[in-house]
Amino acid sequence: MPPATKFQPFPPDFRTQDIPTNGTTLHVRVGGEGPAVVLLHGYGETGDMWASMAADLIRDHQVIVPDLRGLGLSSKPAGGFDKKTQAGDVAGVLAALGVERIDLVAHDIGNMVAFQFAAQMPEQVGRLVLIDAPIPGVGPWEDILKNPLLWHFRFGGPDMERLVAGRERIYL
């Protein structure tokens, strides 16, 4: 059996807070001083994935790491999981923290939230870094969806929850 992955916590200089925003509440980690950078996690993950990078960035940045709506310690509302709404969640976090301009780094499905944020609020984004996943509608999106290795991009609808009920961890 492979060894368990060791969890790396955020450095003690980070504070956590739950910020009401856009009809939900996001759990957010904040640390450091300087230009602000926001780190958005991927599908089935939480902001905890950024602990190691955040530890490096706080030397000269204010680092803001939310758990996206419905994931981690953020609230789990019945709706609002479209990426435009989730970008509004991030905007609400920044407003609550008094942050006007950010560099935005995102991974996996966080890319889609980051892309929407940058499209809706370009004046707030200095740099945008998208890692590990395509953006719907940008580039050869239809070809990407047809790739059999990415079957899970089209796996949805009413049967999805029924098929994975009780076996969510296997699916993820």
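The values are calculated or read from the model by the stated rules, or taken from the named source; none is laboratory data. It should be emphasised that the depicted structure is a prediction, and the values quoted were computed from it without experimental measurement. Neighbour counts are summed over all protein chains in view; Cβ atoms, including those assigned to glycine, are modelled from backbone coordinates with ideal geometry. Side chains are part of the model used for accessible areas, which takes the heavy atoms of the whole protein and leaves out ligands, DNA and RNA. Shrake-Rupley method; radii C 1.70, N 1.55, O 1.52, S 1.80 Å.
Table for the structure above
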read-out: Some residue of segment 76-90 being in a loop (DSSP other than H, G, I, E, B), of a type outside the set (F, W, Y), more than 30 Å from H152 (Cβ to Cβ) and over 13 Å from the mean Cα position of the chain (by Cα); value: no
read-out: Among residues of segment 14-42, those that are of a type in the set (D, E) and either over 21 Å from P77 (Cβ atoms) or part of a loop (DSSP other than H, G, I, E, B) (or both), counted; value: 1
read-out: One residue from L104, L130, L94 being closer than 29 Å to L172 by Cα, open to solvent by less than 40 Å² (accessible area, probe 1.4 Å) and either touching a residue at least 12 places away in the same chain (Cβ under 8 Å) or assigned to a loop (DSSP other than H, G, I, E, B) (or both); value: L104
read-out: Residue check, P140 surrounded by 12 or more Cβ atoms within 10 Å (Cβ to Cβ) and either over 16 Å from A36 (Cβ atoms) or modelled with pLDDT of 80 or more (or both); value: no
read-out: Matching residues in segment 143-158 - criterion: being over 23 Å from the mean Cα position of the chain (by Cα) and at pLDDT below 75; value: P158
read-out: Some residue of segment 24-40 being touching a His at 6+ places or on another chain (Cβ under 7 Å), at pLDDT 95 or above and surrounded by fewer than 17 Cβ atoms within 10 Å (Cβ to Cβ); value: yes
